[in-house]
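The values are calculated or read from the model by the stated rules, or taken from the named source; none is laboratory data. Predicted model, so just to flag it, every value in this text is computed and none were measured. Virtual Cβ from ideal backbone geometry, glycine too; neighbours counted across all protein chains shown. Note: areas computed on protein heavy atoms with side chains; ligands, DNA, RNA excluded. Shrake-Rupley method; radii C 1.70, N 1.55, O 1.52, S 1.80 Å.
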Amino acid sequence: MSAAVSPAAAGPPPPVDDYRPVRGPAAPAEFRYQQKTVRGEALPRHAYANAADAARRLPTAGGDWTLIGPTNIGGRITSLALDPRRPDTVYAAAASGGLWVSRDAGQRFEPAWPADLTQAMGAVATAPDGTVYAGTGEVNPGGGSITYEGTGLYASRDGGRNWRPLGLRDSGAIGAITIDPADPRRMFVAAAGSLYNAGGERGVYRTTDGGRTWQRVLAGANGFTGATEVLLDPRDRNRLYAVMWDHRREPDLRTYGGVGSGVYRSTDGGTTWQRLTGGLPGGTADVGRIGLGQAPSAPDRLYAIVNQTSGPFAGFYGSVDGGDTWTRLPETPELRASQSSFGWWFGKVWVDPDQPQNVHVAGVPLMSTKDGGQTWTADSTTIHVDQHALIWDPRRPGRVYLGNDGGTYRSDADGYGGWVKAVHEPYTQFYSAAITPQDTTRVSGGTQDNGSLRSWNGPAFNEYLGGDGEENQINPLNKDEVYACYQYGNCFHSTDGGDTMTYFGDQVVASRRNWFTPLVFDPRNPAVMYYGANVLNRSTDSGRTWTAISGDLTGGPGPDPIYTNYGTITTIAPAGDGRTVYAGTDDGRVWVTRDLGATWTLLLSGQPWVTRIVVDPRWANRVYVTLSAYRAGSNRPYVLASIDGGQHFTDITGQLPQAPVNDLVIGPAFTLYIATDQGVFVSHTGGWAWRRLGRGMPLVPVDDIEYDHSNHRLVAATFGRGLYEIRVP
């Protein structure tokens with residue numbers, strides 16, 4: 001992590017990948033974790049699954065959702081598998097976007113997973129008879145650990161059209177599914193377990209009856225130790241290797257390593273196991289995530305990458321005797337740098353099935369060696385960053401498929417270059433959306449690790465600002481005047497639709513800025529804009545210059561700002577009277593000014609993270625507040641309404657699922673639409689009764705919704721399945 005750049009510093013913007021504020025969330029997942037938990041409490045057990053069940057029980061209203069894109073960008077892939085009976089058929093598991101199948105060698109991917117099941121995926125595997133197995137829940141924890149847990153293991157005998165559960169529902173996240181090719185009814189599953197709660201189904205599980213019954217054959221050293229890898233020796237089906245990982249997320253601490261981390265071996269079919277030492281680290285508090293690879297053509301040759309609990313690289317090791325002894329291999333600068341400070345995001349080693357000296361390692365770039373780890377090259381230019389999955393195609397010599405944070409790629413050179421990206425992969429993770437009534441085809445949005453994307457100025461969606469895409473806005477009166485930000489409020493303005501961007505992040509007054517910094521138009525005059533740091537900024541010239549109109553509206557950062565609240569404004573709602581502005585913060589405060597900042601009144605405090613404040617543009621006293629955080633049986637509200645400017649609030653949560661509410665918009669006749677981690681809901685009764693809105697949208701978090709009053713449409717930014725649109729009355 002590089003040195004901080006002062007938010008108020010003059011000059012050009014900091015490099016996208018280099019900016020880190022003095023105080024603020026350390027990563028996109030850190031931001032999401034803090035937003036979706038109650039301060040001082042861990043994520044409740046089964047919170048996501050329980051909320052999903054509640055969402056399914058609600059009746060549905062409205063028509064059909066339509067995917068509007070992007071189809072060409074992609075998103076994080078966690079696992080890949082090939083169909084053994086159908087050439088050029090590959091399955092890709094998307095982190096929060098379900099399972100996909102390509103039947104044309106990775107060019108076009110189509111859904112292979114039910115829309116109404118969890119979209120969080122950890123592993124995919126295929127049996128010799130073509131049965132597909134999907135393990136739900138993502139193992140990669142992200143900086144702040146808000147990768148979603150799953151609901152166990154599933155199987156499909158018809159290429160992903162129909163699925164049946166196979167148990168391990170309490171496994172939290174599944175890192176690997178290993179099938180015995182000589183007896184497909186014999187399988188092993190690496191269950192990582194819940195990141196937030198001890199216990200449950202974690203460790204290595206074995207079935208000998210095709211998943212009807214399971215036996216845990218390798219348990220962890222403690223309640224937070226789970227398994228991430230299981231390898232079956234291709235020469236000896238009684239010999240297996242497993243990687244265990246001791247990792248947990250507590251309310252104010254993440255510990256991605258510990259005494260339970262290590263590599264284990266079994267020589268009796270998984271009945272008993274021993275930890276491998278012989279020079280390989282393990283069994284200490286400093287050992288973090290480990291990646292393990294075995295050479296299929298020389299099974300006694302193993303490779304392991306080890307990272308520290310805190311994240312940085314700790315060593316690369318090789319064994320030529322089946323794991324009895326290990327040698328630490330040369331530590332090149334390129335290999336060390338590949339893990340950055342977050343090696344727990346990777347933990348993968350892949351060995352060429354024909355050449356035991358040829359190895360690829362997951363990192364920010366793809367790391368490759370042709371001499372068994374003596375020298376390394378890094379591919380950081382021809383593919384997207386952050387590698388997670390790689391597989392060789394046995395039917396096509398030299399053909400390799402790769403999955404990373406940018407989607408799926410194919411190489412016909414054993415992974416040493418020549419990468420071709422998939423052309424149809426609609427599983428992008430969006431934080432925000434922006435639309436314009438002037439052109440219903442024009443939509444943009446900020447995405448995880450894929451920048452700010454737009455639908456215009458190209459045959460497909462294209463990136464017009466890098467980094468993690470955050471707030472996007474389009475002037476409702478001038479579709480070519482657009483705004484886009486990357487992390488920590490580094491915002492840009494354009495008058496030509498984003499072809500040229502001018503930085504204005506150095507013009508605002510700010511001591512602290514959130515990962516996602518709000519930037520909004522005044523409803524009467526889009527030349528007037530508001531920008532939320534720890535203070536509220538106002539511009540009257542379309543964002544060229546800014547003036548602070550408040551003091552610090554927060555309680556300040558917590559004692560350890562990486563793990564507590566950040567002390568920033570998270571939502572801004574200017575009213576239509578030109579004087580009244582509401583603001584909400586990450587530490588649960590709601591404020592109002594009725595004189596453009598001369599005086600401020602605190603309306604609420606002690607709430608969870610305030611995700612959105614929405615004020616009726618016709619009536620400055622009608623205001624709605626939405627709140628975040630999964631809760632365990634709490635009756636605290638998610639949606640509040642006031643008709644007296646916040647003097648009194650009414651809880652209108654009703655029968656909504658206990659899931660974070662991320663956005664709210666007001667439709668005609670006081671119809672309310674809300675975006676939650678379980679989809680979009682509508683109320684035609686001012687919030688007294690809610691229904692699921694529309695059909696056809698997968699069960700995926702929706703971070704942002706935008707309503708086009710002129711064309712009666714709603715656009716939803718989903719975190720895993722791209723942008724959706726629905727026509728509304």
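Please determine whether any residue of region 396-416 is within 27 Å of Met244 (Cβ to Cβ), more than 24 Å from the chain's Cα centre (by Cα) and not basic (Lys, Arg).
No, that holds for no residue.
Can you name the number of the only condition in (1) crowded, with 24+ Cβ neighbours inside 10 Å; (2) more than 25 Å from Val702 (Cβ to Cβ); (3) of a type in the set (Lys, Arg) that Arg612 fails?
(2)
Sort out which residues of region 76-93 are in contact with a Ser or Thr (Cβ under 7 Å, 6 or more places away or on another chain) and under 20 Å from Ala52 (Cβ atoms), and write them in order of number.
Ala93
List pairs: first in region 573-596 and aromatic (Phe, Trp, Tyr), second in a loop (DSSP other than H, G, I, E, B) and open to solvent by 10 Å² or more (accessible area, probe 1.4 Å), Cβ under 6 Å, 6+ apart or cross-chain?
Note: pairs meeting the criteria are Trp591/Trp600.
Considering region 698-711 alone, what residues qualify as being part of a loop (DSSP other than H, G, I, E, B) and either among the aromatic types (Phe, Trp, Tyr) or open to solvent by 20 Å² or more (accessible area, probe 1.4 Å) (or both)?
Initial filter on region 698-711 (part of a loop (DSSP other than H, G, I, E, B)): 698-701, 709-711.
The answer is His709, Ser710, Asn711.
Results for (1) more than 18 Å from Ile435 (Cβ to Cβ); (2) among the aliphatic types (A, V, I, L, M), shown as yes or no for each residue.
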position	(1), (2)
Asn662	no, no
His684	yes, no
Trp688	yes, no
Asp704	no, no
Tyr707	no, no
Val728	no, yes
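Return the only residue of Arg289, Arg275, Arg301 being open to solvent by less than 40 Å² (accessible area, probe 1.4 Å), within 29 Å of Asp180 (Cβ to Cβ) and either modelled with pLDDT of 95 or more or under 30 Å from the mean Cα position of the chain (by Cα) (or both).
So the residue among Arg289, Arg275, Arg301 that is open to solvent by less than 40 Å² (accessible area, probe 1.4 Å), within 29 Å of Asp180 (Cβ to Cβ) and either modelled with pLDDT of 95 or more or under 30 Å from the mean Cα position of the chain (by Cα) (or both) is Arg289.
Table: residues versus (1) within 15 Å of Pro426 (Cα to Cα); (2) among the aliphatic types (A, V, I, L, M); (3) modelled with pLDDT of 95 or more; (4) under 18 Å from the mean Cα position of the chain (by Cα).
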| site | (1), (2), (3), (4) |
| --- | --- |
| Pro70 | yes, no, yes, yes |
| Ala81 | no, yes, yes, no |
| Val90 | no, yes, yes, no |
| Leu99 | yes, yes, yes, yes |
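Filter region 381-430 down to residues that are of a type in the set (S, T, N, Q) and farther than 26 Å from Met697 by Cβ and give me whichever is surrounded by the fewest Cβ atoms within 10 Å (Cβ to Cβ).
Across region 381-430, the extreme among qualifying residues is Thr381.
Quick one: which strands (runs of 3 or more DSSP E) lie wholly within region 158-277 and hold at least 3 residues that are in contact (Cβ under 8 Å) with a residue 40 or more places away in the chain?
Working: elements: 174-179, 187-191, 203-207, 215-218, 225-232, 240-246, 248-250, 253-255, 262-266.
The qualifying strands (runs of 3 or more DSSP E) are 174-179, 187-191, 203-207, 225-232, 240-246, 248-250, 253-255, 262-266.
What number of residues within region 379-417 satisfy the criterion of being of a type outside the set (D, E, K, R) and outside any loop (DSSP other than H, G, I, E, B)?
Within region 379-417, residues that are of a type outside the set (D, E, K, R) and outside any loop (DSSP other than H, G, I, E, B) number 15.
Out of region 198-257, which residues are among the hydroxyl-bearing types (Ser, Thr, Tyr), over 21 Å from the mean Cα position of the chain (by Cα) and surrounded by fewer than 22 Cβ atoms within 10 Å (Cβ to Cβ)? Write out each step before concluding.
If we filter region 198-257 for residues that are among the hydroxyl-bearing types (Ser, Thr, Tyr), which is where we start, we get 205, 207-208, 213, 225, 228, 241, 255-256.
Cutting the leftovers down to over 21 Å from the mean Cα position of the chain (by Cα) gives us 205, 207-208, 213, 225, 241.
Thr207, Thr208, Thr213, listed by residue number.
Listed residues Gln374, Gln438, Gln357; which is touching a strand residue (DSSP E or B) at 6+ places or on another chain (Cβ under 8 Å), part of a loop (DSSP other than H, G, I, E, B) and modelled with pLDDT of 95 or more?
One residue alone meets the criteria, Gln357.
If you scan region 592-615, which residues turn out to be in a loop (DSSP other than H, G, I, E, B) and under 23 Å from Pro660 (Cβ atoms)?
Ser605, Gly606, Gln607, Pro608, Trp609
Which residue is surrounded by the most Cβ atoms within 10 Å (Cβ to Cβ), if the candidates are limited to region 147-197 and must be of a type in the set (Gly, Ala, Ser) and farther than 27 Å from Phe109 by Cβ?
It comes out as Gly193.
List the number of the failed condition for Gly283; all other conditions in (1) at pLDDT 95 or above; (2) within 20 Å of Ala192 (Cα to Cα) hold.
For Gly283, the exception is condition (1).
So the check is Cβ under 8 Å with 6+ separation or different chains; which pairs have a first residue in region 410-424 that's within 16 Å of Ala81 (Cα to Cα) and without any contact (Cβ under 8 Å) to a residue 24 or more places away in the chain and a second one that's open to solvent by less than 40 Å² (accessible area, probe 1.4 Å) and in a loop (DSSP other than H, G, I, E, B)?
From residues that are within 16 Å of Ala81 (Cα to Cα) and without any contact (Cβ under 8 Å) to a residue 24 or more places away in the chain, the pairs are Ser411/Gly398; Ser411/Arg399; Ser411/Gly417; Ser411/Trp419.
Quick one: count up the residues across region 120-174 that are over 14 Å from Ser194 (Cα atoms), aliphatic (A, V, I, L, M) and more than 19 Å from the chain's Cα centre (by Cα).
The qualifying residues number 6.
I need the full set of residues from region 643-679 which are open to solvent by less than 10 Å² (accessible area, probe 1.4 Å), in contact with a Phe, Trp or Tyr (Cβ under 7 Å, 6 or more places away or on another chain) and either aliphatic (A, V, I, L, M) or not in a loop (DSSP other than H, G, I, E, B) (or both), in order please.
If the condition is that a residue be open to solvent by less than 10 Å² (accessible area, probe 1.4 Å), in contact with a Phe, Trp or Tyr (Cβ under 7 Å, 6 or more places away or on another chain) and either aliphatic (A, V, I, L, M) or not in a loop (DSSP other than H, G, I, E, B) (or both), then Ile652, Ala659, Val661, Leu664, Tyr673, Ile674 are the ones that fit.
If a residue has to be in a loop (DSSP other than H, G, I, E, B) and under 24 Å from Ala298 (Cα atoms) to count, how many in region 337-354 make the cut?
Our first condition is that a residue be in a loop (DSSP other than H, G, I, E, B); within region 337-354, this holds for 339-342, 346-348, 352-354.
After this cut, where a residue has to be under 24 Å from Ala298 (Cα atoms) as well, the list is 347-348, 352-354.
Number satisfying all stated conditions: 5.
Quick check on Ala620: is it touching a residue at least 40 places away in the same chain (Cβ under 8 Å) and either within 24 Å of Gln473 (Cα to Cα) or open to solvent by less than 20 Å² (accessible area, probe 1.4 Å) (or both)?
Answer is yes for this residue.
Name the residue, out of Leu477, Leu465, that is open to solvent by 10 Å² or more (accessible area, probe 1.4 Å), over 25 Å from Glu425 (Cα atoms) and in contact (Cβ under 8 Å) with a residue 12 or more places away in the chain.
Just one listed residue meets the conditions, Leu477.
Ala378 - would you say it is open to solvent by less than 10 Å² (accessible area, probe 1.4 Å) and either touching a Ser or Thr at 6+ places or on another chain (Cβ under 8 Å) or in contact (Cβ under 8 Å) with a residue 24 or more places away in the chain (or both)?
Taking the combined requirement at face value, the residue does not satisfy it.
Taking the criterion of being open to solvent by 10 Å² or more (accessible area, probe 1.4 Å) and in a strand (DSSP E or B), would at least one residue in region 632-639 satisfy it?
No, region 632-639 contains no residue that is open to solvent by 10 Å² or more (accessible area, probe 1.4 Å) and in a strand (DSSP E or B).
Any idea which of (1) closer than 21 Å to Thr118 by Cβ; (2) out of contact with any helix residue (DSSP H, G or I) (no Cβ under 8 Å at 6 or more places or on another chain) is the one Arg249 doesn't satisfy?
Looking at each condition in turn, Arg249 falls short on (2).
Tell me whether region 524-540 contains one or more residues that are within 18 Å of Asp703 (Cβ to Cβ), in contact with an Asp or Glu (Cβ under 9 Å, 6 or more places away or on another chain) and buried (at least 18 other Cβ atoms within 10 Å of the Cβ).
Checking region 524-540: not a single residue is within 18 Å of Asp703 (Cβ to Cβ), in contact with an Asp or Glu (Cβ under 9 Å, 6 or more places away or on another chain) and buried (at least 18 other Cβ atoms within 10 Å of the Cβ).
Suppose we keep only residues that are open to solvent by 30 Å² or more (accessible area, probe 1.4 Å) and of a type outside the set (Val, Ile, Thr) within region 258-272. Which one would you say is nearest to Gly172 (Cα to Cα)? Even if it seems obvious, please write down each step before you answer.
In the first step, residues of region 258-272 are kept if they are open to solvent by 30 Å² or more (accessible area, probe 1.4 Å); the result is 259, 264, 267-268, 271-272.
Now narrow it down to the ones that are of a type outside the set (Val, Ile, Thr): 264, 268.
Details: Tyr264: 21, Asp268: 27 Å.
Among residues in region 258-272 that are open to solvent by 30 Å² or more (accessible area, probe 1.4 Å) and of a type outside the set (Val, Ile, Thr), the one nearest to Gly172 (Cα to Cα) is Tyr264.
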